[in-house]
């Protein structure tokens, strides 16, 4: 079974509330299935300055992390072998090494360690 899944939160052009509901559903389902890490695609906003789904997703993930519901997350722009959190994530889920966004500093994604 794959320990690393990708979820596209932008699919279907949802509102940020719909995207957060889907994120909650995917985190809970993935945990039940034994998935160790999720990569979420939330985009970075058409203006390149933010994107509501990106901002709200990361705020929500911070709250989940603070409450112990997820281990930690890595913003795509920090997904690099030179980042301590990324190295920790690679130890936990080696499948992340094959991710095409590793070392691409893509702020349109976030990796979650469940």
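Read-outs: derived from the displayed coordinates by stated rules, not from any lab. If you're wondering where the values come from, they're calculated on a predicted model, not measured in any experiment. Cβ placement follows ideal geometry from the backbone for every residue including glycine, while neighbour counts extend to all protein chains displayed.
For the modelled label position 7 Å from the Cα of residue 88 along Cα-to-Cβ, which residues of region 1-33 have backbone nitrogen atoms closer than 13 Å? No residues fall inside that zone. If the chain linking residue 32 and residue 98 were pulled fully straight, counting 0.36 nm for each residue of separation and taking away their Cα-Cα distance, it would gain 21.4 nm. Across the chain, C-alpha contacts under 8 Å between residues 6 or more apart give a mean separation that, scaled by the residue count, equals a relative contact order of 33 percent.
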